[in-house]
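The values are calculated or read from the model by the stated rules, or taken from the named source; none is laboratory data. Every value quoted in this text rests on a predicted model; they were computed, and no experiment measured them. As a convention, Cβ positions derive from the backbone with ideal geometry for all residues, glycine included, and neighbour counts pool all protein chains shown.
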Amino acid sequence: MDDMVKLANGKEVSWDEFSKWSGHKQYMNTINPNLGKKYSDEVRRNMSERKKEKIASGELTFKKGDDHPKSHPVSTPKGLFGSRQSAAKAYGISLKRFSGWIKNPRFKDFKFIDDSFKYSLPEQKKREGTEIHNARAVVTPFGRFDTVKSACEALEITLGTFYERLRDERYKSLYYYADGNGIGTASSNYIGLKGGSNGSARRVMTPIGEFSTIKEAYTALKIDMTTLYKRLKDEKYEDYYYSDGNISKPKKINKNPAKGAGNAASRAVMTPIGKFSTLREAHTALGISRPTLVSRLRDSEKRDYYYI
C-alpha cells in the first residue's frame, strides 16, 4: 500500500502523486501560511482594488476561450472552433446549452476533436420506453400509448399533469392504465360536486368519442367550453350532440318580451305624484333612475313610495 501524505486541509494523497507536485505546490498544501488566516474588511477591500488596477492596466490578464491552456477544440456543422465558448458564441447560445449539445448523443455533429477528452457522463441505460420492464401502457382520449412518456409527448402535457389525470376520478373514463390496475382515486372534495359525479352533468358525443361531461369533452378536444357549446348547437357539426338524445339547441329567448303593463311580472306602485302600473312608468314620470325608485320603495321612511 502506498504511503499517504496528509495535507493541510485534512485530505490525504498518495506519495506517488505528491512526489509529482512542484515544491511550491507541496509547500502550499502542507505548510500553508494562509490557511485559516482571516483578513479584515479593509485589507480585503485593498486587495480587491489592487487586483482591479492590475487588470485595468493589463499587468494581470486571464486567458479565456481559445487562449485558455485547458480549452478543448470542438467540431460542429459550422466548422472547427478552438473552444466550446467560441462555438457557443457562433451559434448565439449560452455555454451551458452548447455543452448540453455535446453531451447529448442525438447531436452527433457536435463533438470534441480530441477523442481522449470526454465528459464523464453516467452510464446510460440501454432500455428506454417500451424496453423498460416496468413501462405501462395507458389509454387516453387520443388513443393507446405504450408508455406514459410517449403519451405526454403526444398530448403535449407534463408528466405531473398526466399522473394527476390518472388519479382524478373525473378523468377515469378518459385516462387510465391499459391493464386496468393502479387507477388512483380523486380527492373527496371533487366527488359529488364536479364532472360526471354532478347530477346535472350531461354526456356528449364528439368525433373522438363519448364523454361524461362537457368539461371532459372540451379538455380532450383542446378547445374552450364556448366553442364546444357552439358546435353542439350548430347543425353543421353533426358529430357533436348530447348522448341522451335531447335536442342540443337551447330554447329561443324572446328578445322582445312584453314591457310595461303587458308584462305579467310587472307591479303597480304608488308615488307622490300618483299611481303607476309599472316601475318603468313611475321612474320615467319622476325623472329618476330605476335603482333610485326601487331604493325609495324599500325605504320605510319614504312612506309616499310603496307597492300596490
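Residues of the stretch 39-89 that are closer than 30 Å to Phe112 by Cα and of a type in the set (Phe, Trp, Tyr): Phe62, Phe81. Contact map, the stretch 266-280: first residue assigned by TED's automatic domain parsing to the domain that holds Ser295 and within 10 Å of Tyr305 (Cα to Cα), second residue basic (Lys, Arg) and at pLDDT 85 or above, Cβ cut-off under 9 Å, separation 6 or more or different chains; pairs are Val269/Lys275; Thr271/Arg296.
Residue by residue, here is whether (1) surrounded by 11 or more Cβ atoms within 10 Å (Cβ to Cβ); (2) part of a loop (DSSP other than H, G, I, E, B); (3) touching a Leu at 6+ places or on another chain (Cβ under 9 Å) holds:
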{"position": "His24", "(1), (2), (3)": "no, no, no"}
{"position": "Leu35", "(1), (2), (3)": "yes, yes, no"}
{"position": "Tyr39", "(1), (2), (3)": "yes, yes, no"}
{"position": "Val43", "(1), (2), (3)": "no, no, no"}
{"position": "Asn46", "(1), (2), (3)": "yes, no, no"}
{"position": "Glu59", "(1), (2), (3)": "no, yes, no"}
{"position": "Phe62", "(1), (2), (3)": "no, yes, no"}
{"position": "Pro69", "(1), (2), (3)": "no, yes, no"}
{"position": "Ser86", "(1), (2), (3)": "yes, no, no"}
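Just one of the listed residues (Lys125, Lys108) is at pLDDT 80 or above and closer than 30 Å to Val148 by Cβ, and it is Lys108.
Per this entry, Val13 is counted among residues that are at negative phi, of a type outside the set (Asp, Glu) and surrounded by 12 or more Cβ atoms within 10 Å (Cβ to Cβ). Restricting the stretch 185-237 to residues that are loosely packed, with under 13 Cβ neighbours inside 10 Å and modelled with pLDDT under 55, the residue that is nearest to the chain's Cα centre (by Cα) is Ser187. A single member of Lys96, Lys51 is outside any loop (DSSP other than H, G, I, E, B), surrounded by 11 or more Cβ atoms within 10 Å (Cβ to Cβ), at pLDDT 85 or above and of a type outside the set (Val, Ile, Thr), and it is Lys51.
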